[in-house]
Amino acid sequence: MGPARGTTLAALWLVLLVGASRAVAAQAHAAQSSDTQPEPVLVELRLDHIASRTVQAYRVRTEVLVPLTQFLQLAEIRYRLSLEGRLDATVDPGGQPLVVDVRADTMRYGEQRVRIEPEFKLFRDGELYIGAERLGNLLGSPLSTDFTELTVTMADPSDLPLARRLRRDAARATLLRAREAPTRPDLVLGFERPRWDGLVFDYSVLAPSDDPLAGSGYAGAIGADVLGGALQLAASSVGRAADGVVRVDGSWTGVWTAGRWLRQIRLGDGTSTGPRLRTLRGFAITNAPYVRPSVIGVAPYGTQLEPGGGWSIEAYRGTELLGFDSVDTSGRFTMLLPVRYGENPVDFVAYGPLGEIREFNQTYRVVSELLPAGRFEYGASLGSCRSPLCAATGNVDVRYGVTARWTVQAGLDQFWRRDTVADLSHPYLSLAANPRNAWAVTLDGVGAALAHGGVRYEPSIDLRLTADYTRFTDGTAAPVLTVAGARSRLSVSGFVRPVRRAGFFFFDGSFDRMTSATGTTTLIRLEASTQGQHVRLLPFARAERNASTGGPGQTQSFVGLNAFVLPRPALGPVLGPIWLRGGTEVAVNHGPRLFSYSVFAARPIGSGFRAEAGVTWVRGAPGAVLTVTLTSYLSALRSYTTLTAPAGGTVTGSQFVQGSLLWDRATGRLATAPGPSLERSGVSGRVFLDENANGIPDPGEAGIFGVRVRVGTASAISDSDGAFRVWDVVPFEPVLVTVDSLSLPSPLVVPAFGSAQVQPGPNRFRGINIPIVQAGVIEGRVVRRAAGRSGGVGGITLLLTNRRTGSIQRFSTFTDGDFYAMGVKPGDYDLAVDPHVLDALQAAAAPLRLRLAPTPNGVGVSGLELELTPRP
């Protein structure tokens, strides 16, 4: 072959190869173009299970491009879409901006940024389409696509305005139902006054390591329920046990919760009545309640919003909805809400006519001395003093709630003293007021003792200012109510949280000035707080100035830092539970120098044990001090073991043990508690399967294991015999006993009563047995007849009312009109259509009376029919 021919063949092959490669590239480009071309599809757009809509979308490869405006409409998010394909939306609460532009390669939601490729965005026919996966990444909740069912589902829409509105609607409905039909217990067990019942023994021992026997101290007390009151006897060592000095106390306290003029009597050792308590041996009598109800009444909350109307507002305490209302055209609103003693912070959420959301907080701190309007209380006490300051003491006290915001108090404190010192009489007059929600005022005048005035301003939980001034009387010899030589005291404090959402970022300050016959002491402290993810820092500055009368003053200034490091589970099971705290202080007078430091580490050890170790050092001390503490908090007792090792000194330790023994007379069992337990109560009993539904534990009816019984805020699990026991309940006060239905072994067994109200006595267990009965099923249909034909009616709310207790169970019919209710206990019932539903349908339906009783085949009834007929 010649060179020319070879060159020609090579050129021909090169042309063929280039053509083939171009053909392959063209085919690949065409396939890729076809793959990225949007294909129209119909899909069901779902927000989990709360809302859905069928929309036109586009498919690109394995992703669906959803219409963004229809998604926002479904989620109830307001938006604006330009003719160029830019969408601007605002998502409440917080007014977070949502920006999606078909011409941009990045979407923005608040601080979140998500990149989006050209093939996953489309602006066509005035609609903006976005890839579901990218949209889910932007909103923080995945949007999953199912091509088999043709659905696009948002997994967690709980932060969307729609979900928030549905939760609000459910909370409002629950609040309205509670107002219309307040929950009443099915069973009420009133207060008992046995001649004698129960037994409680409290003990505590403190023993030092250097002399554990002779140097120890002890205390022991025994209590019982006698004639419905709390009887107790106590003995404790005074000083070292080896010295043999013992103090003995004894008392009986009777309580009548329903009394008008007499509610409490205490005989023996106790405290006096009046605002300034002291120990005495004698008697005290009052008509004040043993435990004052936490709710004192209602108070108006309100503020000013934009005029024009259209606003609705909700009030929350924590997560509990207290009330809701609309705002008038002037923009003002006033809402009456229940208030308790102490702080009453309320979070308000206002919803505007254009989807705006405003959040703010108001608080109302009710002073502890306030009484409800028209409430009169008195107190009187008399007895010998238990301190060397006087021989005998007495008090007469009256208090009256003039209005819901003003309470006056007056009385007399009398002290009889020994021959060498004159007796003292201290008449007093006090005023406590909340003139407005944000303000609290207290004024006190005590003859021959002091005059005091205090004011507090607290419009919200983020701002608090207080000021108190007390002037002491100079001429009282050997005073009892005041400190000898004291002349005046001024205290001012403030607290501010600049950013409410940053709960641990705040500033705190105080000023305290005390004057006496010997001089003046002034204390100033400024502190700040901030917290990161696991570290909280509290820098501070303080100053102390002491000035003696007629002499020069001396000022000391300090700056310091306290720090806390919270447990971090990510560090593993060994280091994760460790909790650290430390602090240091530097004196700045005459040049900075270290004044003190401390570092401590604590960690739980097993269940009920906690170990802490640390080092402290203070300038002027011989050296650092190492301290190790082991704390145990068990069901039977609590114990504190402390070891102290100063530098160059002797290692010392101490052991403190405290606990209680409880005797349940009804069951004959002995129980334990970490104590102290005197003047406390308990509830005990047995959870059993009531086979004949008579409410009585008959022979052979077995106890049920593992059932959770709730007594107030506490709970207990029944043992293998069905027995349960809860201690540390407030005596004399009603408490609710319920069963956690989820802890029962089967949904076909239920408690015979939904709740029981028990009023326990002091120093003992109140017994209550809880029968568990077989539950049944009722089923049937709601129909409406028209033109000679009948059909089922769906969505009808039915009420099943227990004729004996009045308790109501609500359920609804299915789409075909059938209904089904499970867990219905034996008894007599009325089954009826909700009257609100009948009013809406302008229909009538005769209720059905049912009687359910245990049978060999179970409990239940079927084939029921409720017919809706037109009203005349």
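The values are calculated or read from the model by the stated rules, or taken from the named source; none is laboratory data. Since this is a predicted model, take the numbers as computed values, not measurements. We place every Cβ from the backbone using ideal geometry, glycine too, and count neighbours over all the protein chains shown. With ligands, DNA and RNA removed, areas are computed over all heavy atoms of the protein, side chains included. Shrake-Rupley method; radii C 1.70, N 1.55, O 1.52, S 1.80 Å.
None of 823, 806 is open to solvent by less than 60 Å² (accessible area, probe 1.4 Å) and in a loop (DSSP other than H, G, I, E, B) except 806. Residue count for region 110-143 satisfying the condition of being over 17 Å from residue 61 (Cα atoms) and either open to solvent by 50 Å² or more (accessible area, probe 1.4 Å) or over 44 Å from the mean Cα position of the chain (by Cα) (or both): 13.
Tell me, please, whether a residue that is surrounded by fewer than 15 Cβ atoms within 10 Å (Cβ to Cβ) and at pLDDT 95 or above can be found in region 497-506. For region 497-506, residues surrounded by fewer than 15 Cβ atoms within 10 Å (Cβ to Cβ) and at pLDDT 95 or above: absent. Listed here are the strands (runs of 3 or more DSSP E) enclosed by region 256-355 that have at least 2 residues being within 21 Å of residue 169 (Cβ to Cβ): 312-317, 320-326, 332-340, 346-351.
Quick check: is even one residue across region 793-802 touching a Pro at 6+ places or on another chain (Cβ under 7 Å) and open to solvent by 10 Å² or more (accessible area, probe 1.4 Å)? No. Being of a type in the set (Phe, Trp, Tyr) and either over 23 Å from residue 582 (Cβ atoms) or not in a strand (DSSP E or B) (or both) is the filter here, so list the residues in region 497-538 that pass it. Of everything in region 497-538, those that are of a type in the set (Phe, Trp, Tyr) and either over 23 Å from residue 582 (Cβ atoms) or not in a strand (DSSP E or B) (or both) turn out to be 504, 505, 511. Pairs meeting the criteria (first residue in region 761-786 and touching a residue at least 24 places away in the same chain (Cβ under 8 Å) and under 25 Å from residue 711 (Cβ atoms), second residue open to solvent by less than 10 Å² (accessible area, probe 1.4 Å) and acidic (Asp, Glu), beta carbons under 6 Å, at least 6 apart or on different chains) are 761/225; 762/225; 763/225; 764/225; 765/664; 771/690; 773/690. Within the span defined as region 695-710, one or more residues are open to solvent by 20 Å² or more (accessible area, probe 1.4 Å), in contact with a Pro (Cβ under 6 Å, 6 or more places away or on another chain) and at positive phi. Within region 355-366, can one find any residue that is modelled with pLDDT of 90 or more, open to solvent by less than 10 Å² (accessible area, probe 1.4 Å) and within 12 Å of residue 296 (Cβ to Cβ)? Taking every residue of region 355-366 in turn, at least one turns out to be modelled with pLDDT of 90 or more, open to solvent by less than 10 Å² (accessible area, probe 1.4 Å) and within 12 Å of residue 296 (Cβ to Cβ).
A Cβ distance below 7 Å, combined with a sequence gap of six or more or placement on separate chains, defines the contacts here; from region 61-87, residues that are in contact (Cβ under 8 Å) with a residue 60 or more places away in the chain and under 19 Å from residue 45 (Cβ atoms) reach residues that are basic (Lys, Arg) and open to solvent by 40 Å² or more (accessible area, probe 1.4 Å) in the pairs 74/53; 76/165. At least 2 residues being surrounded by 18 or more Cβ atoms within 10 Å (Cβ to Cβ) is the threshold, and among the strands (runs of 3 or more DSSP E) wholly inside region 181-242 those reaching it are 197-208, 217-226, 229-237. The sole residue among 645, 587 that is in contact (Cβ under 8 Å) with a residue 12 or more places away in the chain, surrounded by fewer than 17 Cβ atoms within 10 Å (Cβ to Cβ) and farther than 24 Å from residue 219 by Cα is 645. Wholly within region 578-691, which strands (runs of 3 or more DSSP E) include no fewer than the required count, namely at least 3 residues that are closer than 30 Å to residue 525 by Cα? In region 578-691, the matching strands (runs of 3 or more DSSP E) lie at 579-587, 593-604, 609-618, 625-633. Entry remark, region 680-694: residues being among the acidic types (Asp, Glu) and surrounded by 18 or more Cβ atoms within 10 Å (Cβ to Cβ) number 1 in total. Total residues in region 358-415 satisfying the condition of being part of a strand (DSSP E or B), more than 30 Å from residue 161 (Cβ to Cβ) and within 31 Å of the chain's Cα centre (by Cα): the figure is 4. Reported count of residues in region 845-865, each being surrounded by 13 or more Cβ atoms within 10 Å (Cβ to Cβ) and more than 24 Å from residue 176 (Cβ to Cβ), is 8. Please enumerate the residues belonging to region 458-470 that are buried (at least 17 other Cβ atoms within 10 Å of the Cβ) and more than 30 Å from the chain's Cα centre (by Cα). 470 - this is the single residue of region 458-470 that is buried (at least 17 other Cβ atoms within 10 Å of the Cβ) and more than 30 Å from the chain's Cα centre (by Cα).
Number of residues in region 540-573 that are part of a loop (DSSP other than H, G, I, E, B) and among the β-branched types (Val, Ile, Thr) equals 1.
Which one is farthest from residue 596 (Cα to Cα), of the residues in region 514-566 that are among the aliphatic types (A, V, I, L, M), over 37 Å from the mean Cα position of the chain (by Cα) and modelled with pLDDT under 95? Checking each candidate, the answer is 517.
Pick from 815, 869: which is open to solvent by 40 Å² or more (accessible area, probe 1.4 Å), in a strand (DSSP E or B) and of a type outside the set (Gly, Ala, Ser)? Exactly one of 815, 869 is open to solvent by 40 Å² or more (accessible area, probe 1.4 Å), in a strand (DSSP E or B) and of a type outside the set (Gly, Ala, Ser), namely 869.
Restricting region 422-444 to residues that are assigned to a loop (DSSP other than H, G, I, E, B) and open to solvent by 50 Å² or more (accessible area, probe 1.4 Å) leaves a set whose member that is nearest to residue 390 (Cα to Cα) is 423. The condition of being open to solvent by 70 Å² or more (accessible area, probe 1.4 Å) and modelled with pLDDT of 85 or more does not hold for residue 146.
Residue pairs whose Cβ atoms lie under 7 Å apart, separated by 6 or more positions or on different chains, with the first residue in region 168-179 and under 11 Å from residue 323 (Cβ atoms) and the second open to solvent by 50 Å² or more (accessible area, probe 1.4 Å) and at pLDDT 80 or above, are 172/324. The number of residues in region 826-859 being within 14 Å of residue 782 (Cα to Cα) and either part of a helix (DSSP H, G or I) or in contact (Cβ under 8 Å) with a residue 60 or more places away in the chain (or both) comes to 4. Which of the following residues is open to solvent by 60 Å² or more (accessible area, probe 1.4 Å) and among the basic types (Lys, Arg): 418, 405, 399? Every option except 418 fails the conditions.
Checking every residue in region 684-704 against the condition of being of a type in the set (Ser, Thr, Tyr) and either in contact (Cβ under 8 Å) with a residue 40 or more places away in the chain or touching a helix residue (DSSP H, G or I) at 6+ places or on another chain (Cβ under 7 Å) (or both) gives at least one match. In the list 481, 538, 523, 490, which residue meets the criterion of being open to solvent by less than 70 Å² (accessible area, probe 1.4 Å) and in contact with a His (Cβ under 8 Å, 6 or more places away or on another chain)? On inspection, the qualifying residue turns out to be 481. The single condition from (1) surrounded by 24 or more Cβ atoms within 10 Å (Cβ to Cβ); (2) closer than 17 Å to residue 187 by Cβ that residue 763 fails is (2). Based on what the data block shows, is residue 70 farther than 19 Å from residue 147 by Cβ, of a type in the set (S, T, N, Q), open to solvent by 10 Å² or more (accessible area, probe 1.4 Å) and touching a Gly at 6+ places or on another chain (Cβ under 6 Å)? Considered against the rule, which asks whether it is farther than 19 Å from residue 147 by Cβ, of a type in the set (S, T, N, Q), open to solvent by 10 Å² or more (accessible area, probe 1.4 Å) and touching a Gly at 6+ places or on another chain (Cβ under 6 Å), residue 70 comes out as no.
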